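These notes are about the structure you will find just below.
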Amino acid sequence: MYSDSDYSFFESVGASFDKAAEFTKWDKGVLTQIKACNSVYRMRFPVKMDDGHIEVIEAYRVQHSHHKTPCKGGIRFAAEVNQDEVMALAALMTYKCAIVNVPFGGGKGGIKINPRNYSAYELEKITRRYTAELVKKNFIGPGIDVPAPDYGTGEREMAWIVDTYTSLNPGDIDGLGCVTGKPITQGGVRGRKEATGLGVFYGIREVFNMPEIMNKIGLSIGLAGKTVVIQGLGNVGYHSAKFFREKGKSKVIAIAEYEGAIMNPEGLNEEEVFLHRKSTGSILHFPGATNIANSLDALELECDILIPAALENVINAGNADRVKAKVIGEAANGPCSPDADEIFIKKGIIVIPDMYLNAGGVTVSYFEWLKNLSHVRYGRLEKRFTENLNSQILQQIEDLTGKKVDNEARQLIMHGADEVDLVHSGLEETMISATREIVDVWQKSPEIPDMRTAAYVVAINKVANAYNELGIFP
Ligand code: NAD
């Protein structure tokens, strides 16, 4: 039995792996290879700041697995970044990609800075220098390693990365595919920004449509009217809240940020909360909501679904006992510690694990990468063809029946898919299939204790199968 205090983040990912490996039939050597981080690049580089002083920046890029290439994983800007954390996140990427059938190995990057302490120009210099270091060591490229946004980074940083990469690799026709999460005007794909939050929604919705699981936890089928608590109103938290409210008709009763949390049993509108925080500088004192001074207390509220969407290890041996949610949807990476997992198994709380639930980002990143390699926007070739064809079919139906189709239905039937429609549809299919595959393994093996272990079993089987088929070089 392991304990939080004995394990680093990377070791705790390894502990979950070992727990699942017992339910597979693979050779010990293959399992050891899958678990190991293949390449760790730790760098230090100087950057001249606005006031002229030189700061030495600590940064990392880790490639966890090369069973499929390129490697793929976000870049995080945070003061807490360290080698162990980047290794753990890279490992999770390997398993995540395997589960959602995205043909990449796992990677991750991190720069140890608090981005709030730097001007935009300083951040640009740090990002560009980091990219140049990756280029020098052959740690970035459309066929090598493809970063993406993560905590503390977004489209802006990805645009700086692609610009630096393509400047240093002139004439590389696939250069745009060196990074994903770019602005649409720079080769990004429509639907990427909201992808992780939307994937979280699709994954949880699928679990809530499974009668056998809902019976187990005593909830009715479906998301309508279900109460949701969200930690973190960044990219993932904001979009999760949006889709639960708009598509799920659920009630987001509390939102937690680092300065505190707010609660309203009638439901909160994430857009209004976001604007309030932007104008006042704090989530607190939102009209109609109650303040919760200690942000972490929000994790212990009575609710149907708790969605940690900020940082890792926020639910651990110290507070897991007090969590009252029926389902925890891990939108962040590693929000629940191994100790917390053990407590939730005993309490019958279902944890929908990070490694596939937040795979929406990497899934749509994969679509973006494919778009960059094919050099054409999704839907460009077939949209008008579909609309013309649908118009002819409608005309025939109207002629044959002598009745007119009303305007709203006409728009719906006529519509040829835009890029965003295709991306959302590909994401929905991916999340539904992955959820079913994991739950299937879980239900077929009653000795598998939780969904995380079942997800690891699925991932291990896929990666091990790749090694098995490829053999070991030389
Ligand atoms: P982000 O920087 O956009 O947002 C994170 C939010 O969490 C910020 O608003 C921040 O203020 C808040 N926060 C920080 N500490 C907090 C605390 N102690 N309590 C409450 N709130 C706190 O980052 P993001 O992209 O939304 O990523 C969030 C998590 O999701 C990370 O674990 C990341 O690894 C994971 N993730 C992100 C993506 C993606 O596509 N962006 C994909 C997969 C996983």
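The values are calculated or read from the model by the stated rules, or taken from the named source; none is laboratory data. In this text, all values refer to a predicted model and were calculated from it rather than measured experimentally. Please note: Cβ atoms are built from the backbone with ideal geometry, for glycine as well, and neighbour counts cover all protein chains shown. Accessible surface is based on the protein model in full, side chains and every heavy atom, while ligands, DNA and RNA are left aside. Shrake-Rupley method; radii C 1.70, N 1.55, O 1.52, S 1.80 Å.
Structural remarks
- Cα centroid of region 153-180 to Cα centroid of region 402-431, whole Å: 33
- The count of lysine pairs in region 244-332 that are at least 8 places apart or cross chains, and whose C-alpha atoms lie under 21 Å apart, stands at 4.
- From phi via Karplus (6.51, -1.76, 1.60), per-residue ³J(HN,Hα) for region 262-278 in Hz, x at Gly/Pro: 10, 9, 8, x, 7, x, 10, 9, 4, 5, 5, 5, 4, 5, 4, 5, 5
- For region 126-137, putting each phi into the Karplus relation 6.51 cos²θ - 1.76 cosθ + 1.60 with θ = phi - 60° gives couplings of 4, 5, 5, 5, 4, 4, 4, 5, 5, 4, 4, 9 Hz, in residue order, rounded to whole numbers and with x for Gly and Pro.
- Antiparallel bridges, percent of DSSP beta bridges restricted to the chain (to nearest 5): 50
- Violating pairs (Cα-Cα greater than 21 angstrom) within the set K193/K371; K96/K125; K216/K462; K28/K72: K96/K125; K216/K462; K28/K72
- Around the amide H of C37, modelled in the peptide plane, lies no amide H under 5 Å away from a residue 5 or more places distant or on another chain.
- Summarising the amide proton neighbourhood of E58: residues at separation of 5 or more, or on other chains, whose placed amide H is nearer than 5 Å comprise K112.
- HN-Hα J in Hz across region 76-93 - Karplus 6.51, -1.76, 1.60, θ = phi - 60°, x for Gly and Pro: 10, 10, 7, 5, 8, 3, 8, 4, 4, 5, 5, 5, 5, 5, 5, 4, 4, 5
- For the chain, the longest site-free run once GluC sites (Glu not before Pro) in DSSP loop states with at most 16 other Cβ atoms within 10 Å are removed: 81-258
- Each Lys or Arg adds one and each Asp or Glu subtracts one; over the other residues with Cβ under 14 Å from the Cβ of Q392, this totals -1.
- Over region 150-199, accessible surface divided per residue gives 39 Å², non-protein components excluded, 1.4 Å probe.
- Protein accessible area in region 304-400, 1.4 Å probe - carbon and sulfur %: 54
- Å² of accessible area per residue within region 26-82, as computed with a 1.4 Å probe and no ligands counted: 44
- Close amide H contacts of G106 (hydrogens built in the peptide plane, cut-off under 5 Å, sequence separation of 5 or more or a different chain): H64, S65, K72, T94.
- The charge dipole of region 294-333, taken about its Cα centre with unit charges on the Cβ of Lys, Arg, Asp and Glu (plus for the first two, minus for the last two), comes to roughly 40 debye.
- With K and R counted +1 and D and E -1, the other residues having a Cβ less than 15 Å from that of I54 yield a net charge of -1.
- Burial ranking of peptide ranges 317-328, 41-52, 178-189 (average Cβ count within 10 Å, highest at the top): 178-189, 317-328, 41-52
- More than 36 angstrom apart: percent of Cα pairs within the chain: 31
- Loop-resident sites, region 363-462, for trypsin sites (Lys or Arg not before Pro), counting at most 16 other Cβ within 10 Å (DSSP): R377, R380, K403, K404
- Atom-type composition of the exposed protein surface of region 58-203 places 49 percent of the accessible area on carbon and sulfur (1.4 angstrom probe).
- Sum of side-chain charges, E194 neighbourhood, beta-carbon under 14 Å (Lys, Arg +1; Asp, Glu -1): -2
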